[in-house]
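Report on the structure given below.
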Amino acid sequence: MNSGETCRIIAYRSSMDLDVEFEDGAIAKHTTYTNFKLGMIGRPDDTPEEQAKRRLGEKRTMNCGLEAEIIRYGAYADIDVRFEDGYIARHAAYKEFLNGSIRPPIDRVGETGIMNNGLKATIIAYRKHIDMDVLFEDGSVAEHIDYKNFTEGRVARPQDSRRNRGKFRIGEKRIMKCGLEAEIISYRKSDDMDVRFPDGVIVKNVQYTNFKRGMVGHP
């Protein structure tokens, strides 16, 4: 049956009136042969409430290769499942869950979300759930993103990620409080970078915080 249990016909009066026995001995009476063939015979002691209690949190790998978990069980034909990448499929049937036929959208291009940095991001390329590109509203593009990180708002602009921060900050210029412009010419980490003034003087081991505040003095 769709519950995963095996049952056998023990009494057959007509195609519209037969009794079946489950493997643990429970007997469902006066069911139909059509329901038997479709696996749609429920245990006589299995109420919808009991089904919901038992099946909530159940996990299974779908045919698409992603694991899905039941997060809401309204009825046999009305369940919500959450995929491991964060996508939620709503109002599916429990039978679809059992046979693994529930799947997330094939193409998520155009889907938008607000990231933790407060910027809106839009999916512009979707190859698979762990490999997609997103466009931020300021024009920045982050590549090879995981969809789960996207749904949780954990996608950073390339210039904000620690790995790329130095590359994007080299060449950045700012007017210091002494009235002179300083340019970052070397970036090792946020508290160890070199800046150059217009007259060629280089100040080493500068903190980025001080640079942003204009607090790098000309020697």
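Using only alpha carbon positions, build the gyration tensor of the stretch 43-145, then give the equivalent ellipsoid semi-axes as the square roots of 5 times its eigenvalues, largest first, whole angstrom.
The equivalent ellipsoid of the stretch 43-145 has semi-axes of 34, 14, 10 Å.
For Tyr33 and Glu183 in one chain, what is 0.36 nm times their gap in residues minus the Cα-Cα distance, to one decimal in nm?
So the extension gain works out to 45.9 nm.
So what is the relative contact order for the stretch 99-193, in percent, with contacts set as C-alpha pairs under 8 Å and at least six apart?
Over the stretch 99-193, the number comes to 16 percent.
Placing +1 on the Cβ of each Lys and Arg and -1 on the Cβ of each Asp and Glu in the stretch 125-219, which of Val201, Tyr147, Ile175 has its Cα farthest towards the positive end of the resulting dipole?
Val201
Checking the table Lys59/Lys120; Lys120/Lys212; Lys37/Lys95; Lys167/Lys212 against a 21 Å threshold on Cα-Cα, which pairs fail?
Where the Cα-Cα span goes over 21 Å, the pairs concerned are Lys59/Lys120; Lys120/Lys212.
Computed FRET efficiency, Cβ-Cβ of Lys167 and Asp80, R0 41 Å: what is it to the nearest 0.05?
That pair, Lys167 with Asp80, gives E of 0.45.
Work through the residues other than His30 whose Cβ is under 10 Å from its Cβ and net out their charges, Lys, Arg +1 and Asp, Glu -1.
Net charge around His30: 0.
Counting other Cβ atoms within 10 Å, keep those with at most 11, restrict to DSSP loop, and tell me which trypsin sites (Lys or Arg not before Pro) in the stretch 1-41 are left.
In loop regions of the stretch 1-41 (DSSP not H, G, I, E or B), there are no sparsely surrounded trypsin sites (Lys or Arg not before Pro).
For every other residue with a beta carbon closer than 14 angstrom to the beta carbon of His91, add +1 if it is Lys or Arg and -1 if Asp or Glu, then tell me the sum.
Within the 14 Å Cβ shell, the charges total +1.
Apply the Kirkwood formula to the chain: the hydrodynamic radius equals the inverse of the mean of 1/r over all pairs of different alpha-carbon atoms; give it in Å with one decimal.
About 22.5 Å for the chain.
Please work out how much length the chain gains when fully extended from Arg54 to Lys120, using 0.36 nm per residue of separation minus the C-alpha to C-alpha distance, in nm with one decimal.
Value of the extension gain: 19.9 nm.
Please give the calculated 222 nm ellipticity per residue for the chain, where each DSSP H segment of at least 4 residues contributes -39500 (n - 2.57) and the sum is spread over every residue; nearest 500 deg cm²/dmol?
-4000 deg cm²/dmol
So what is the relative contact order for the stretch 1-125, in percent, with contacts set as C-alpha pairs under 8 Å and at least six apart?
14
In percent, how large is the relative contact order of the stretch 148-219, given Cα pairs closer than 8 Å and 6 or more residues apart?
For the stretch 148-219, the relative contact order is 22 percent.
Cα-based Rg of the stretch 146-219 per 2.2 N^0.38 Å, rounded to two decimals?
1.32
The numbers here are math on the coordinates, done by the rules we state, and not lab data. These figures come from a predicted structure and were not determined experimentally. Heads up, the Cβs are rebuilt from the backbone with ideal geometry, glycines too, and the neighbour counts pull from every protein chain shown.
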